[in-house]
1. Which of (1) of a type outside the set (Val, Ile, Thr); (2) part of a helix (DSSP H, G or I); (3) modelled with pLDDT of 85 or more; (4) more than 14 Å from THR4 (Cβ to Cβ) is the odd one out, the single condition LYS32 does not satisfy?
2. Find the residue count for the range 128-145, including only residues that are out of contact with any Phe, Trp or Tyr (no Cβ under 6 Å at 6 or more places or on another chain) and either crowded, with 20+ Cβ neighbours inside 10 Å or of a type in the set (Asp, Glu) (or both).
3. Filter the range 14-29 down to residues that are of a type in the set (A, V, I, L, M, F, W, C) and either modelled with pLDDT of 85 or more or on the phi > 0 side of the Ramachandran plot (or both), then give me how many there are.
4. Please verify whether ARG212 is surrounded by 17 or more Cβ atoms within 10 Å (Cβ to Cβ) and touching a helix residue (DSSP H, G or I) at 6+ places or on another chain (Cβ under 6 Å), treating the condition exactly as stated.
5. Given the criterion buried (at least 18 other Cβ atoms within 10 Å of the Cβ), modelled with pLDDT of 90 or more and either over 24 Å from ALA89 (Cβ atoms) or aromatic (Phe, Trp, Tyr) (or both), identify the matching residue among GLN199, GLN173.
6. Considering only residues that are assigned to a loop (DSSP other than H, G, I, E, B) and among the charged types (D, E, K, R), look in the range 178-196 and name the one that is surrounded by the fewest Cβ atoms within 10 Å (Cβ to Cβ).
7. For GLY158, state whether it is on the phi > 0 side of the Ramachandran plot, assigned by TED's automatic domain parsing to the domain that holds LEU95 and exposed (fewer than 13 other Cβ atoms within 10 Å of the Cβ).
8. Pick from the range 1-29 the residues that are over 19 Å from the mean Cα position of the chain (by Cα), among the acidic types (Asp, Glu) and part of a helix (DSSP H, G or I): which of them is nearest to PHE121 (Cα to Cα)?
Amino acid sequence: MDLTETQQAILALIAERIETEGMPPSQTEIAKAFGFKGVRAAQYHLDALEAAGAIERIPGRARGIRVLRAPERAQRELALSPAKSADEALRLPVLGRVAAGAPIGADAGGDDYVLLDPVFFSPAPDYLLKVCGDSMRDEGILAGDLVGVRRTREARSGQIVVARIDDEITIKQFRAGKGGIHLLPRNPDYAPIEVRPDQDFAIEGLYCGLVRPNR
């Protein structure tokens, strides 16, 4: 679905605000920025952006907007300026697959690379993994998505991590406390994973955003 110039401009505003302030603008702020008489017009354009696959809105979350497609302005700049593309775009290796259901083994191959606009991620990732399964559905992470991962061995309780249990890799919400370590899905159809003391467990990285290839 083609976007109007106004919708392209709104998408660019959302991407810019996420990059500079860490959160998207509210509907009221969008309406004010574009001179709309009320938020209904902003709502209409957000509906159109979501229908086109340019953004995703997360139910129940204030300002819950995730950019799935770079604004056309940014795409043109990358396409028309190879030097700028090399300097500013992220060239990320696709290292394999990560389960968002039952853990599966990860393919260690790193021959494939994807060039992406950094606006999709915060912080900048080191590599991409392809998601299988739907256990993180309510976080907006779906099967086939490419998730950005920042390499680290540490995480705070509540963060979404890519973790290794023995030889398996999975993406879940990390919880650590007196009851031990648990990896929590964001889909009620799945049970939490309790990490046993005898298992080889490690945090491989932090989830820092995703892109959704055209289905």
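1. Only one criterion in (1) of a type outside the set (Val, Ile, Thr); (2) part of a helix (DSSP H, G or I); (3) modelled with pLDDT of 85 or more; (4) more than 14 Å from THR4 (Cβ to Cβ) is unmet by LYS32, namely (3).
2. Summing the residues that are out of contact with any Phe, Trp or Tyr (no Cβ under 6 Å at 6 or more places or on another chain) and either crowded, with 20+ Cβ neighbours inside 10 Å or of a type in the set (Asp, Glu) (or both) in the range 128-145 gives 10.
3. As a first pass, look at the range 14-29 and keep what is of a type in the set (A, V, I, L, M, F, W, C): 14-15, 18, 23.
Now narrow it down to the ones that are either modelled with pLDDT of 85 or more or on the phi > 0 side of the Ramachandran plot (or both): 14.
Adding up the residues that qualify gives 1.
4. Values: surrounded by 17 or more Cβ atoms within 10 Å (Cβ to Cβ): yes; touching a helix residue (DSSP H, G or I) at 6+ places or on another chain (Cβ under 6 Å): no.
Judged against the criteria, ARG212 is not a match.
5. GLN173
6. Restricting attention to the range 178-196, the residues satisfying the condition of being assigned to a loop (DSSP other than H, G, I, E, B) are 178-179, 185-192, 195-196.
Applying the additional criterion that residues be among the charged types (D, E, K, R) yields 178, 186, 189, 196.
Values: LYS178: 4, ARG186: 18, ASP189: 9, ARG196: 10.
Of everything passing the filter in the range 178-196, LYS178 is surrounded by the fewest Cβ atoms within 10 Å (Cβ to Cβ).
7. Values: on the phi > 0 side of the Ramachandran plot: yes; assigned by TED's automatic domain parsing to the domain that holds LEU95: yes; exposed (fewer than 13 other Cβ atoms within 10 Å of the Cβ): yes.
When the stated conditions are applied, GLY158 passes them.
8. So in the range 1-29, the residues over 19 Å from the mean Cα position of the chain (by Cα) come out as 1-10, 26-29.
Okay, now just the ones that are also among the acidic types (Asp, Glu), so 2, 5, 29.
When the remaining residues are screened for being part of a helix (DSSP H, G or I), the result is 5, 29.
Numbers: GLU5: 24, GLU29: 22 Å.
For the range 1-29, the residue satisfying everything is GLU29.
The values are calculated or read from the model by the stated rules, or taken from the named source; none is laboratory data. Fair warning: this is a prediction, and the values are worked out from it, not measured in the lab. Because the Cβ atoms are built from the backbone with ideal geometry, glycine has one as well, and the counts that use them run over all protein chains shown.
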